[in-house]
Amino acid sequence: MPVNAALGHLSNAFLIAALVIYSLSVFAFAGDFAFGRPRRAAEARGQQEARDRAAALAAVGVAPVGPVAPVGPMTAGAHGGDAASETTASPAPEPPEDRGALPELAVPAFRAIREAGRWVVAAVLLSSLGVAAHTTAVITRGLAVHRAPWGNMYEFVTALTCIAALFFLIVLIRYQAWTLGVFVMGAVVVTLGLAETLIYTAPGDLVPALQSYWLDIHVTAMTLATGIFFVAAVLGLVYLWIDRYTRRVAAGRATPGHGIIRRLPGIEQIDRLTYRTVVFGFPVWTFGVIAGAIWADQAWGRYWGWDPVETWAFITWVLYAAFLHARATAGWRGRRAHYVQLLGFTALIFNILVVQVFIAGLHSYSGVG
């Protein structure tokens, strides 16, 4: 069927609109750092609960052993809160077995967003609107070309950034992790902007080698996994930044109380969230590699031929498996494990941007001239 040029132009218009909206959401997330208020309503509620508990203990003649910290979202982690709350109340230490676990949420997610202030509300609304426009752009692109809309490098990048934005939006609402939005959505804006300006490809037909129903299975799985790993990579970089700052403070080479880091979740919480993200994406990547091997057998008569793209997909799989193993090994937890995770994402990006573009092979279908 011929390409529907009108739908192609509509898709591009929605994509540009999504890029603009995402950019506005990044400004809103940044505005929360600069001008937004911490969750004063949650803090006041927690302080009132602490006072009520102390009064109840005093009524029966039992002295409280220490201040009781309110249970809050990820934004009230080890680096959260403001100066006033830090001087009036200090959170009770976590039990050793709970250290690094994601917090239980004291209030429903949407109520917490409303209580977080106007900047957070605007950022979440803009992110949701951007995801809606982005998803519409991907769908209309598929309708324009009458196939799955990830048949070349440009379509693959626009689809994976859509998955990354949608996945993070769910994480943001579920774990109230809006302080991470400026980093993740900022990375989405940069990646999508580069795709739109450097590798834009007009709607067109697939090369004959890709005209198979396995495109809908294999490439879909790889797109989903890459979008999820994209979020994990950004979280890993944030983790390493906080870890480096914490070690510099401990060594006396940095001043404590960094304005941005104080508002971010605790380092253990970011570590756990990154781990859960990779755990979610790793089976999808594994399925994509297996589906690719089956497609290769149907197309070329062999399951595995050590083609450059196949080889680097396997290297990526090994590195993410090593991260999961390292995360479960006491001596490799923390910083070392995140280095392995980021090395896996580096291998993935190298496969996409270098191997598929500059190295001749059976998978040279990027569409980038």
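The values are calculated or read from the model by the stated rules, or taken from the named source; none is laboratory data. All values reported here derive from a predicted model rather than from experimental measurement. Neighbour counts are summed over all protein chains in view; Cβ atoms, including those assigned to glycine, are modelled from backbone coordinates with ideal geometry. Just the protein is used for accessible areas: all its heavy atoms, side chains included, with ligands, DNA and RNA removed. Shrake-Rupley method; radii C 1.70, N 1.55, O 1.52, S 1.80 Å.
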**Item:** Accessible-area composition of segment 217-306, carbon plus sulfur, in percent [1.4 Å probe]
**Value:** 64
**Asked** Calculated FRET efficiency, Ala6 and Ala34, Cβ-Cβ r, R0 35 Å, to nearest 0.05?
**Response** 0.25
**Asked** So, in nm, how far is label Gln211 from label Trp304 when the simple model puts each one 7 Å beyond its Cα toward the Cβ?
**Response** 3.2
**Asked** What ranking, highest mean first, results for peptides 193-204, 114-125 when packing means the other Cβ atoms within 10 Å averaged over each residue?
**Response** 114-125, 193-204
**Message:** Please compute the length gained on full extension between Thr255 and Leu129, using 0.36 nm multiplied by the number of residues separating them and subtracting their Cα-Cα distance.
**Reply:** 41.5 nm
**Asked** Can you list the HN-Hα couplings for segment 146-161, worked out from phi with the Karplus curve (6.51, -1.76, 1.60; θ = phi - 60°), rounded to whole Hz and with x for Gly and Pro?
**Response** 6, 6, 5, x, 8, x, 8, 4, 4, 5, 5, 5, 5, 6, 5, 5
**Protection-proxy order for peptides 287-295, 327-335, each taking the mean of Cβ atoms within 10 Å per residue, highest first** = 287-295, 327-335
**Item:** Local electrostatic count at Ile359 - Lys and Arg +1, Asp and Glu -1, tallied over other residues with Cβ under 14 Å
**Value:** -2
